[in-house]
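The structure appears right after this line, and notes come after that.
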Amino acid sequence: MGVILREKKLSKGGVSFYLDISHNGKRWYEFLKILAYGNRRSDEFKEKKQLADQARSKREYRLTVEQLDMKDKTIKEKDFFEFLLEKAALMKSPRQAKYCITLLKDYTGQECLAMTELTVSFLQGFQTFLVKRKLHVNNCSGIVQYLSTAINKAVSDDLMTENPFPKVWKNHKFRIVKSTPKFLSIEQIEHLTKTGQGVHDEIKLAFFLCCFCGIRWVDCYGLKWNQIANQEIDGKSYPTLFVEQEKTKLGVYIPLSEQAISIINQRKEMSKNEPPSSFVFPYLCSSPDYVTNYGRMAFGMKKWQKQSGIHVHFHKARHTFATLTLSQGADLYTVSKLLGHSDIKHTMIYARVVDRLKVQAVANLPMIKGNLLVKSENELVAKDKIPEKANECDSVSALDAISKALRAYNPTAKNIVQLNANEADNRSVLNAISKALVEFNNVVNQTHEGQCLDQKNVSKSQKTKQRTTERRTSKKRKAA
């Protein structure tokens, strides 16, 4: 084992310190992000190098402790549950942290969990526990990913030496199942407009607005009137909604449809009888606490769902907008920009939904009754017109079909049919005629094939004669 401090020269002058590590038969580099410029004898350069040397000693000590399986005395013992709550306090919603803590307490049966107990075997057992709880695989994957992110944060805060999750067996890792996003049809949206008694009007209008502009809840509940303005596009003015997305921090301009403008105008009429506010939906952001606002909205949506009989949540409005725009002919790139996706691969999940709609639309096409093509007299074949059993057809119609087929090949066929017309009631006569016609067709086909072969042989002999003539001519030219 060895940890060596090295320097890398920078193109603009100065050096960058990094560690050259050899441990357990492996070698890798770790850059310390410590840069030093100027004269090597200067006090600033010496301080930077001393700091890098301290980092080298610290890294070497941790690798030694890990190799000898000793307890690291430099790491403070801290409760992992307490650490998760501190991390969650910096987020808008601590629900996921509290949910993870509840699951970990059920697994361990303890009220505290030391950082040192988070080992590979512990995490493998916890994942098996999640499977036994019969949680959805995507839910389990989200929990594990959240814990891994929290452990990485603990490592960066020098509370743990490393994250044990990369060492978990691949068989114990959860694989996310790709699911098709669920959306609402126009008929379902119309049904929702007729229900929702007791649900606040702002919740319903906000949901309908998101169905026709595609913004998230986190961007909708704090929407302001100054975000809606006219924008000039190709010399024309269009009403546009500007949203700086909370998730991606990207600004998106969304042209508003007639339905979205109608919803906004309806909200303006309602606001005339309310105290003045800069927010479009002041009821949704009446509390400074995000969790309280979200809980109020979620309670209203559940009540709406029971009355309508339609499974509905707020984010389904965003799925509905994406699906409606794609089904109306918009391409994936345009929809990706309307939704504010940072990468078009996030929009590809909606392509599967539209493919399913295409299959359903094609399956609903009607069938045409009757035959699409009418065969000419020359295309009629005797074995297709005469049934296998003579008693299943009328003798007169059978003889008519025979005469039509024979006339196409033999002018004397009419005389043959007339001779047997008086004996048409006899099944044996009909069967004999049908067999004769099949044989006659086979003879005609063989004759046609023989003519094709003769033509091929003639063309081959002509080509052979032409080549022989060309060779003789070329020889004469060379001799001359």
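The values are calculated or read from the model by the stated rules, or taken from the named source; none is laboratory data. Values in this document were obtained by computation on a predicted structure and should not be read as measured data. For neighbour counting, all protein chains shown are included, and Cβ atoms are generated from backbone atoms with ideal geometry for every residue, glycine included.
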Can you tell me which residue is nearest to the chain's Cα centre (by Cα) among those in the stretch 142-158 that are among the polar types (S, T, N, Q) and at pLDDT 85 or above?
Gln145
Asp331, sole failed condition from (1) in contact (Cβ under 8 Å) with a residue 40 or more places away in the chain; (2) farther than 16 Å from Cys210 by Cα; (3) not hydrophobic (A, V, I, L, M, F, W, C)
(1)
Looking for something within 15 Å of His315 (Cβ to Cβ) and of a type outside the set (Asp, Glu) - is there at least one such residue anywhere in the stretch 220-229?
yes
Is it the case that the stretch 312-323 has a residue that's without any contact (Cβ under 8 Å) to a residue 24 or more places away in the chain and of a type in the set (D, E, K, R)?
no
Residues (of a type outside the set (A, V, I, L, M, F, W, C) and closer than 25 Å to Val291 by Cα) located in the stretch 85-110:
Glu86, Lys87, Lys92, Ser93, Pro94, Arg95, Gln96, Lys98, Tyr99, Thr102, Lys105, Asp106
Only one residue in Val120, Val177 is among the β-branched types (Val, Ile, Thr) and loosely packed, with under 11 Cβ neighbours inside 10 Å. Which one?
Val177
Restricting attention to the stretch 133-154, which residues are hydrophobic (A, V, I, L, M, F, W, C) and either surrounded by 14 or more Cβ atoms within 10 Å (Cβ to Cβ) or not assigned by TED's automatic domain parsing to the domain that holds Leu113 (or both)?
Leu135, Cys140, Ile143, Val144, Leu147, Ala150, Ile151, Ala154
I'm trying to understand the selection: among the residues of the stretch 231-251, which are loosely packed, with under 11 Cβ neighbours inside 10 Å and within 19 Å of Asn265 (Cα to Cα)?
Ser237
Which pairs turn up if I take residues in the stretch 1-20 that are aliphatic (A, V, I, L, M) and look for partners that are part of a loop (DSSP other than H, G, I, E, B) with beta carbon separation below 8 Å, at least 6 apart in sequence or on another chain?
Met1/Asn24
Could you grab me the full set of residues in the stretch 66-83 that are part of a helix (DSSP H, G or I) and at pLDDT 75 or above?
Phe80, Phe81, Glu82, Phe83
Strands (runs of 3 or more DSSP E) wholly inside the stretch 196-308 containing at least 1 residues that are more than 29 Å from the chain's Cα centre (by Cα), farther than 22 Å from Ser342 by Cβ and without any contact (Cβ under 8 Å) to a residue 40 or more places away in the chain:
228-233, 236-244
Among the residues of the stretch 38-59, write down those that are under 15 Å from Met160 (Cα atoms) and either in contact (Cβ under 8 Å) with a residue 40 or more places away in the chain or not assigned by TED's automatic domain parsing to the domain that holds Trp28 (or both).
Arg59
Ser93 of a type in the set (Ser, Thr, Tyr), at pLDDT below 90 and part of a loop (DSSP other than H, G, I, E, B):
yes
Look at the stretch 1-25 and say how many of its residues are of a type outside the set (Ser, Thr, Tyr), closer than 15 Å to Gln67 by Cα and modelled with pLDDT of 85 or more.
2
